[in-house]
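Encoded as structure tokens, the structure appears first; notes follow it.
The values are calculated or read from the model by the stated rules, or taken from the named source; none is laboratory data. This is a predicted model, so every value here is computed, not measured. For neighbour counting, all protein chains shown are included, and Cβ atoms are generated from backbone atoms with ideal geometry for every residue, glycine included.
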């Protein structure tokens, strides 16, 4: 559980906001530290969600931290942006044709089982704020971290453009999420595509 320990160490080192310890206590009642980050793409493995969160933290701080930025805000946004994925995936199987034998075989997979369908970024913001108050820039960054992959943006919502124009942290978090997902996590899935 080295990823869990690194997550907790970084969070406690940089976040001192009221309610932060209660949020960590709640995380231990969820599958956050065991959950995958996706169904079968990046970090689709046990512990993938916390691994992805750490990769986003390192990408965000390594690539985008500038003088005047808040390490507390960077830590909160990076480590908690996908909190919506706690208690979100269930392990299962699917059939895949073996190209060598021509036989269908069951392979492990993860499936979405969303008991609280509230959106993606907005759900993370909601869950965090049950325990600690977010600054406006943090809430906006977490809400729009999916960029053009967000359902609202795909549907033609222009608020994402306004958010990125007004809050550089939102742009930085989105870019760090992309860097983590597509560069640092290539080949991290245990699930066949």
Members of region 72-90 that are in a helix (DSSP H, G or I) and either under 15 Å from residue 11 (Cβ atoms) or touching a residue at least 60 places away in the same chain (Cβ under 8 Å) (or both): 72, 73, 74, 75, 76, 77, 78, 79, 80, 83
State which residue is surrounded by the most Cβ atoms within 10 Å (Cβ to Cβ) when the search covers only region 104-131 and only residues that are touching a residue at least 12 places away in the same chain (Cβ under 8 Å), within 18 Å of the chain's Cα centre (by Cα) and more than 18 Å from residue 31 (Cβ to Cβ). 121
Any residue in region 5-27 that is surrounded by 15 or more Cβ atoms within 10 Å (Cβ to Cβ), at pLDDT 95 or above and under 19 Å from residue 189 (Cβ atoms)? no
Conditions: (1) surrounded by 15 or more Cβ atoms within 10 Å (Cβ to Cβ); (2) touching a helix residue (DSSP H, G or I) at 6+ places or on another chain (Cβ under 6 Å). Residue 71 meets all but one. Number of the miss? (1)
The residue from 93, 101, 61 that alone is surrounded by fewer than 21 Cβ atoms within 10 Å (Cβ to Cβ) and under 23 Å from residue 160 (Cα atoms) is 61
Please report, ordered by residue number, the helices (runs of 4 or more DSSP H) entirely within region 107-193 with at least 1 residues that are out of contact with any strand residue (DSSP E or B) (no Cβ under 8 Å at 6 or more places or on another chain) and modelled with pLDDT of 95 or more. 121-129, 136-143, 159-166, 168-179
